[in-house]
1. Can you run phi through the Karplus equation (6.51, -1.76, 1.60; θ = phi - 60°) for the stretch 150-159 and list ³J(HN,Hα) in whole Hz, with x for Gly and Pro?
2. Quick one: Cα centre-to-centre distance for the stretch 83-120 and the stretch 48-66, in angstrom?
3. What net charge is computed for the residues neighbouring ARG59, neighbours being all others with C-beta under 10 Å from the C-beta of ARG59, Lys and Arg scored +1, Asp and Glu -1?
4. Relative contact order of the stretch 69-165, please, whole-number percent, based on alpha carbon pairs below 8 angstrom and at least 6 residues apart.
5. Once you list every other residue whose beta carbon is under 13 Å from the beta carbon of ASN89, what net charge do they have if Lys and Arg are +1 and Asp and Glu are -1?
6. Could you please report the charge total around GLU71, scoring K, R as +1 and D, E as -1 over all other residues with beta-carbon less than 15 angstrom from its beta-carbon?
7. Under 8 Å for C-alpha pairs, at least 6 residues apart: give me the relative contact order for the chain, rounded to a whole percent.
8. Got a sec to turn the phi values of the stretch 54-70 into Karplus ³J(HN,Hα) couplings, 6.51 cos²θ - 1.76 cosθ + 1.60 with θ = phi - 60°, whole Hz, x for Gly and Pro?
Amino acid sequence: MDRRRLLLAAPALLLAGCGFRLRGVPQFAFGSLYIAAPEGSQLALQLRRTLEATGGGLRVLSDPAALPQAEAVFELLAEQQERSVVGLNASGQARELELRLRIRFRLRNQAGSELIAPTEIVQQRELSYNETLALAKEAEEALLYRDMRRDLVQQLVRRLAAARP
């Protein structure tokens, strides 16, 4: 019986000893955040939803009239989807595509000083392409862009949590 308990406790002891710790709720250096982004930006919408769901006490402001009340302002300077052909088959048709989602952003406080200087983040994915499966590949492309957007939002949340005045 003691041997069984020891075997069950061993993984927990090893994880505790290596410094492993679950990522908790992000703590932000500001209490309210205004997100300034182009109208209809999917990334800004997903970022707003993610920040509201974190439950860390951060108020996310979206009404332009509330801008003066924000302690920090997140500005989405650019959001660009790119698609390029990187491989062709013997007859010159696209065989492989490279999808990129590129964003530029900055974070500043109300006084105008930058907490995060203008920064660019790029996500990219490879997609095999077949002309006979064009509709399925379109759906796969949309899914890959959504996945890249989700990854970028997670990176943004971590960067916002690390920003200090």
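Rule-based calculations on the coordinates, nothing more; no lab input. Because the structure is predicted, anything quoted here is derived from the model rather than measured. Cβ placement follows ideal geometry from the backbone for every residue including glycine, while neighbour counts extend to all protein chains displayed.
1. 5, 4, 5, 4, 5, 5, 5, 4, 5, 5
2. 25
3. Around ARG59, the surrounding residues sum to -2.
4. Working: 146 pairs, mean separation 22.9, N = 97.
In percent, rounded to a whole number, it is 24.
5. Neighbour charge sum, excluding ASN89 itself: -1.
6. Net charge around GLU71: +1.
7. For the chain, the relative contact order is 20 percent.
8. With the stated coefficients, the stretch 54-70 comes to 5, x, x, x, 7, 8, 9, 9, 10, 7, x, 5, 8, 3, x, 8, 6 Hz.
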